[in-house]
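Asks: First the structure, which I've put down as structure tokens, then a few questions once you've had a look.
The values are calculated or read from the model by the stated rules, or taken from the named source; none is laboratory data. Predicted model only: the values in this text are computed from it and were never measured. Positions of Cβ are backbone-derived with ideal geometry, glycine not excepted, and every protein chain shown enters the neighbour counts. Just so you know, the surface numbers come from the protein's heavy atoms only, side chains and all, with ligands and any DNA or RNA stripped out. Shrake-Rupley method; radii C 1.70, N 1.55, O 1.52, S 1.80 Å.
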Amino acid sequence: PPGDRSRPGRVLAAVMAGAILGPIDGSIVNVVLPTLVDAFGTSLASVQWVPMAYLLASGGLVLLFGRLGDLRGPRAVFLGGLLGFVAASALCAAAPTIEALVAFRVLQGVAAAAMMSVPLAILTATFPPAERGRAIGLFAASISVGLAIGPSLGGFLTATFGWRAAFLVNLPVGLLAWAYARRVLPEVPVRPGRLDLPGAAAALVALGSLLLWVNLAQRAGPSPNGLLLLAALAAAAFVAQERRVAEPMVALSIFRNGAVSFGAAASVLNFMSQFVVVFLTPFLLARLFAAGPGRVGLVLTAFPLAVLAVAPFAGALSDRIGSVRPAVAGATLSAAACALLAALPPGTGLLAVAGGLALFGAGTGLFQSPNNSSVMGSAPREHLGVVGSLLGTARTLGMVLGIAAAGAVLYAFVPPSALDAAGETPALAEAFASGARRAYAAGAAFALLSAFLAAAPALARR
């Protein structure tokens, strides 16, 4: 029978095998974007919709699939998402035009939303509290593995077999993961109920409009403020709907739980600081160090490798001493790493940048596993799927808002002539570096606020 509960390690392995596909695919696609411009004879503006379509679909639908996991069981949602991801990857590999590729990426994002909405619910239902932190830490490590190997794997596949291989690689890995997960994932007891479709639609419009507004607002031209207004109206409609219906998609009462609400907010801010660093550093390496793609990729790998090394340890530590102290220490360490990157003097070597990234990765790994374990351990059992998907939504919002914040700081403090690498001079490079230092400082502020929110539930109990 599916789901041998006597072997939770197999459940963890199955969830990790499926969940690693998302970060691998995301980081691979970013590598092949320049190739797609030439392959389809199109513009960079058109190709930018390839990652954006995926992000909008996955970020907007994760709450819906989290609720479906509570109603139909997280096992069914995970397996359906995994199989759908494989099918959509095959369609992406066969896309005849850039428009078709963007459409298939939407389907891939829908499947990814299902696949990534319920793993934490499965792990929380499978592992006892004394082992949950370590399991979630190992799960977080699998995400870091995907992020670490994606760029080099994508570069190798594209250079050797062409860009379509970057999508085809998902087929054998995904099918093997699906077959194994189908055999070992447990059936989690659920309470029957109805799906709040109006609430789901309002959440999709609110999240999708917000993500699209943030993305488009970073580009030249008038800011699409109509999208921001639409997001606000849809969010207000969502809250009104959830208060009115007997079986809401997201029970607003769960936000009265401080560990859930403060933990989710802390996660948003932690990912904001993380993606300030992830967004800025490649440009800084290219502008100040004249580093090519290979060296940039090698230096950036220090960050996910540090997360990979620390996350399992942090999860196990939280099982023994509680979640608050490791999470606060991790967010504080991330802030210190951002401050270190902001303070690096001119002439610093690549090794010092890699050291700063490794320190930031260690802080991230120390924060994420305990924080996620605290949130999931505090969630009502009948809402595990929704709470797990809230953390997925927090991750997406943090990623997008972090990149937007870094861009906003650069545009505010860097002259337009210094934002373009064309005609590079030492003065322009230093102007860009000055703006980057301010953006890193903003990342440090986000991380410090994350530390405060992570500590808030414990402080409130005193």
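Asks: Please give the charge dipole size of the stretch 182-293, origin at the Cα centre, charges +1 on K and R Cβ atoms and -1 on D and E Cβ atoms. Round to the nearest 20 debye.
Replies: The calculated dipole for the stretch 182-293 is roughly 140 debye.
Asks: Could you tell me which of F167, H383, G349 has its Cα farthest along the dipole of the chain towards the positive end, charges placed at Cβ (Lys, Arg +1; Asp, Glu -1), taken about the Cα centre?
Replies: Positive-most Cα among the choices belongs to H383.
Asks: Summing -39500 (n - 2.57) over the DSSP H runs of n ≥ 4 in the chain and dividing by its residue number, what mean residue ellipticity at 222 nm do you reach, to the nearest 500 deg cm²/dmol?
Replies: Estimated from H runs of four or more residues: -28000 deg cm²/dmol.
Asks: Which log10 I(q)/I(0) values does the stretch 1-151 give at q = 0.12, 0.19 Å⁻¹ under the Debye formula, counting every alpha carbon as one identical point scatterer?
Replies: For the stretch 1-151, the Cα-only Debye profile gives -0.53, -1.12.
Asks: Give me the extension gain from A309 to R194: residue separation times 0.36 nm, minus the current Cα-Cα distance, reported in nm with one decimal.
Replies: Using 0.36 nm per residue and subtracting the Cα-Cα distance, I get 37.2 nm.
Asks: State the extension gain, in nm to one decimal, for the chain segment bounded by R243 and A201, taking 0.36 nm per residue of separation less the distance between their alpha-carbons.
Replies: That works out to 13.6 nm of additional length.
Asks: Under 1.5 on a/c is rounded, so check that first for the stretch 113-217, then, if it is not, pick prolate when a/b is larger than b/c and oblate when it is not; a ≥ b ≥ c are the square roots of the alpha carbon gyration tensor eigenvalues.
Replies: oblate
Asks: Under a crude label model (7 Å from the Cα following the beta-carbon direction), how far is R295 from L229 in nanometres?
Replies: That separation, rounded to one decimal, is 4.9 nm.
Asks: Could you tell me which of rounded, prolate or oblate describes the stretch 96-172, using a ≥ b ≥ c as the square roots of the eigenvalues of the alpha-carbon gyration tensor, with rounded for a/c under 1.5 and, failing that, prolate when a/b is larger than b/c and oblate otherwise?
Replies: It is oblate, given that a/c is not under 1.5 and a/b is not larger than b/c.
Asks: Let me ask something else about it. Quick check for you: with a 1.4 Å probe and neighbouring chains kept, what is the accessible area per residue of the stretch 270-394, in Å²?
Replies: For the stretch 270-394, the solvent-accessible area averages 34 Å² per residue.
Asks: Can you pull the semi-axes for the stretch 250-358, root of five times each eigenvalue of the Cα gyration tensor, sorted largest first, whole Å?
Replies: With the √(5λ) rule applied to the stretch 250-358, the semi-axes are 32, 16, 12 Å.
Asks: How much of the accessible area of the stretch 1-158, probe 1.4 Å, is carbon plus sulfur, in whole percent?
Replies: That share works out to 69 percent.
Asks: So, one more: Any idea which of L359, A456, P192 is furthest toward the positive side of the dipole for the chain, if Lys and Arg beta-carbons carry +1 and Asp and Glu beta-carbons -1?
Replies: Value computed over the given set: P192.
Asks: Next question. Quick one: if you stick a label point 7 Å off each Cα along the C-beta vector at R320 and A94, how many nm between them?
Replies: 5.3 nm
Asks: Could you report the stretch 72-130's accessible area per residue, 1.4 Å probe, as an integer in Å²?
Replies: Accessible area per residue, the stretch 72-130: 29 Å².
Asks: Given the convex hull of the Cα atoms of the chain, what is a quarter of its surface area in nm²?
Replies: If you wrap the Cα atoms of the chain in a convex hull and average its projections, you get 21.2 nm².
Asks: Next up: Using a probe of 1.4 angstrom, how much of the accessible area of the stretch 342-395 is carbon and sulfur, in percent? Mind showing how you got there, number by number?
Replies: On the way: 1000 of 1580 Å².
About 64 percent, which is the carbon plus sulfur part of the accessible surface.
Asks: While we're looking at this one, here's another question. Can you give the FRET efficiency for R164 and L350, using 1/(1 + (r/R0)^6), R0 = 30 Å, r = Cβ-Cβ distance, to the nearest 0.05?
Replies: 0.35
Asks: Charges at C-beta only: +1 for Lys and Arg, -1 for Asp and Glu. How large is the resulting dipole of the chain about its Cα centre, in Debye rounded to 20? Could the numbers behind the result be given before it?
Replies: Numbers: 28 positive and 15 negative charges, 224 e Å.
Dipole magnitude for the chain comes out near 1080 debye.
Asks: Continuing with this model, one more query. Among L33, A57, L120, whose Cα lies farthest out toward the positive end of the dipole of the stretch 1-130, if unit charges sit on the beta carbon of Lys, Arg (+1) and Asp, Glu (-1)?
Replies: L120
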